[in-house]
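First the structure, in the form of structure tokens, and then the observations on it.
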Amino acid sequence: MASMLSDLISAYVAKRQAAVTATVRAAAARVPAFAARLAAAGVAADAPDLARLPVLAKDDLLAAQRAAPPFGGAVAPDAVVRKIFCSPGPLFEPQLAGPDPWRWAAALRAAGIGPGDRVLNCFSYHLSPAGAMLEEGCLALGATVIPAGVGNQDLQVQVAAEVGATAYVGLPSYLKALVERATERGLPWRIQRASVTAEPLPDSLRAWLEPHVPVVLQCYGTAEAGLLGYETAPRSGLAVPDDVLVEVCELDGGAPRSDDGVGQVVVTLLRPEQPLVRFGTGDLSAWTVGADGSLRLAGVLGRMGEAVKVRGLFLHPRQAQAALAGVAGPTRYRFVVTRTEHQDHLRCEVVLAPEADEAALRERIRNFLRLSAEVVRVEELPEGPTIVDLRDWK
């Protein structure tokens, strides 16, 4: 098994090597900041030895963007930017011209989504790129999109029933909430296919969903790199798209792994107009062999560092600090993430002065984090991290 996996990884890398070399050469000619990064690492554009190039962390992107807004010089001057999105940081992500620029169509096609489908898109359309990412993928396949976004479930299930929605993209936990709301209201439920992402899909939730939605497949990607893996059958592992090089790298040093050990997902995107080469996603995964004998990712097995995902959005201690910095009264705080009935719950435990306004704090948290949180006034807090994740994903 170990030898088979190593051979699959070697074949996978070799298959993409020519495309990677061509991309790096073209990107170095078009994007001065990228050429400077190669030169600093002593990597030749004509025959790039990517293993010598340090992993580019999200914080590195953030620093570059602050030094040269909005994209840190990482987009070719002649590239056409259709939209600009903003992730926590703030980190700006461009939507480049062309159909399906984030390449999600492969995952949606695997779930059976295509012409004739009316897809309920329950990702946010406000600053976050997720809604646009999945919409572009659906449109590329000839499907019709219902831009539902997040919230107002009563209206969403009514619209889905009246227009005959047949497919869904969004969080798996939100899909469960919509099924329950439609059942409560006695509305017809016609959605038969779902492509879900941005949070884990535990077996218990999949088993709950499948009687209501026969096809539920998981996919994985990031705002910076787009689609990175997708199921072709339930519990099949994540197939890697053809237009990206994915590595699972050691946490210390960033060397690519050729075994089944856990490491960071590191991405080289084959797109010279916005070179994303050896970008560290911060997600942990491992290589595995699918039932069909193909190379697969084992899914997202955790995160590096202190950031966690809550309801599909990242929460970082830096954001938490910014949210509370402008409110008079807090002396100590922590955010606690729990999960009940497959729904995330965020609680802010805070030591407040008597005159502090809890309602104002709640509103500030919602505005800064794009997440609602219960605010709980406490007398004291133990020493420890500012974000505590108590979720059980079984």
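The values are calculated or read from the model by the stated rules, or taken from the named source; none is laboratory data. Here the structure is a predicted model, which means the values were calculated and not measured. Glycine also receives a Cβ, built like all others from the backbone with ideal geometry; neighbour counts cover every protein chain displayed. All accessible areas refer to the heavy atoms of the entire protein, side chains included, with ligands and DNA or RNA removed. Shrake-Rupley method; radii C 1.70, N 1.55, O 1.52, S 1.80 Å.
Tell me, in nm to one decimal, what length is gained between Tyr12 and Thr144 on full extension, where the rule is 0.36 nm per residue of separation less the Cα-Cα distance?
Working: separation 132, 0.36 × 132 = 47.52 nm, distance 3.44 nm.
So the chain would gain 44.1 nm between Tyr12 and Thr144.
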**Message:** Leaving ligands and nucleic acids out of the surface, order Val169, Val351 by accessible area at 1.4 Å, largest first.
**Reply:** Val351, Val169
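Which order, highest average first, do 139-147, 63-71 follow once you tally other Cβ atoms within 10 Å for each residue and take the mean per peptide? Display every interim value, and only then the final one.
Details: 139-147: 16.9, 63-71: 13.9.
Sorting 139-147, 63-71 by mean packing, highest first, produces 139-147, 63-71.
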**Complete:** Phi-derived 3J(HN,Hα) across segment 40-46 with the Karplus relation (6.51, -1.76, 1.60, θ = phi - 60°), rounded Hz, x for Gly and Pro, is 5, 8, x, 9, 7, 5, 6
**Request:** Express in Å², to the nearest 10, the accessible area of Glu184 obtained by rolling a 1.4 Å probe over the protein heavy atoms while all chains stay in place.
**Result:** 140
**Item:** Where only C-alpha atoms are counted, convex hull volume of segment 1-57 per residue in Å³
**Value:** 90
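Hey, if we sort Ser204, Ser128 by accessible area with the 1.4 Å probe, largest down, what's the order? Can you show the working numbers first?
Details: Ser204 50, Ser128 15 Å².
My answer, sorted largest first, is Ser204, Ser128.
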**Message:** Can you work out the Karplus-derived ³J(HN,Hα) for every residue in segment 193-203? Use 6.51 cos²θ - 1.76 cosθ + 1.60 with θ = phi - 60°, whole Hz, and x for glycine or proline.
**Reply:** 9, 9, 10, 10, 7, 6, 7, x, 10, x, 4
**Asked** When DSSP assigns beta bridges and you keep just the ones with both residues in the chain, what percent turn out antiparallel, to the nearest 5?
**Response** 65
**Other-chain or far-sequence residues with amide H under 5 Å of Arg278's (modelled H)** = Val267, Thr268, Leu269
**Message:** What figure, in Å² to the nearest 10, do you get for the accessible area of Met4 with a 1.4 Å probe and non-protein molecules left out?
**Reply:** 90
**Heavy-atom accessible surface of segment 156-198: percent carbon and sulfur, 1.4 Å** = 47
**Asked** Using a Förster distance of 51 Å, how high is the FRET efficiency between Arg181 and Asp292, based on the Cβ-Cβ distance and rounded to 0.05?
**Response** 0.85
**Alpha-carbon Rg with Dmax, taken over segment 243-391, Å** = 19.5, 63
**Message:** Give the lysines whose C-alpha is closer than 17 Å to that of Lys309, dropping any in the same chain fewer than 8 places away, or say none.
**Reply:** Lys58, Lys394
**Complete:** With the 1.4 Å probe rolled over protein heavy atoms, the chain has an accessible area per residue in Å² of 44
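Work out how much length Glu380 to Asp59 would gain on full extension: take 0.36 nm times their residue separation and subtract the Cα-Cα distance, in nm to one decimal. Mind showing how you got there, number by number?
Values: separation 321, 0.36 × 321 = 115.56 nm, distance 3.21 nm.
Using 0.36 nm per residue and subtracting the Cα-Cα distance, I get 112.4 nm.
What order do Thr183, Thr232 take when sorted by accessible area (1.4 Å probe), most exposed first? If you can, show how the numbers build up before the last one.
Values: Thr183 100, Thr232 65 Å².
Reading off the accessible areas and sorting them downward yields Thr183, Thr232.
Ratio of the chain's C-alpha Rg to 2.2 N^0.38 Å, to two decimals?
Details: Rg = 21.7 Å, N = 394, 2.2 N^0.38 = 21.3 Å.
Scaled against compact globular proteins, the figure is 1.02.
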**Cα centroid separation, segment 185-256 to segment 64-81 (Å)** = 30
**Complete:** Relative contact order in percent for the chain (Cα pairs under 8 Å, 6+ apart) equals 14
**Taking only Cα atoms of segment 173-302, radius of gyration then Dmax in Å** = 16.8, 56
**Message:** Can you show me the helix-derived [θ] at 222 nm for the chain, built from DSSP H runs with n ≥ 4 at -39,500 (n - 2.57) apiece and divided by the number of residues, rounded to the nearest 500.
**Reply:** -9500 deg cm²/dmol
**Complete:** Output ordering of 190-198, 152-160 (per-residue mean of other Cβ within 10 Å, highest first) is 190-198, 152-160
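Rounded to the nearest whole Å³, what is the per residue volume of the convex hull around the Cα atoms of segment 228-309? Each step should come with its number before you reach the end.
Details: hull volume 8.9 nm³, N = 82.
Cα-based convex hull of segment 228-309, divided per residue, equals 108 Å³.
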**Asked** Roughly what would the spin-label model give for Ala79 and His126, points 7 Å off Cα along C-beta, in nm?
**Response** 2.8
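Once fully extended, how much extra length lies between Ala44 and Arg66, figured as 0.36 nm per residue of separation less the alpha-carbon to alpha-carbon distance?
Working: separation 22, 0.36 × 22 = 7.92 nm, distance 2.72 nm.
Contour length minus Cα-Cα distance gives 5.2 nm.
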**Asked** Carbon and sulfur atoms: what percent of the 1.4 Å accessible area of segment 242-394 do they account for?
**Response** 49
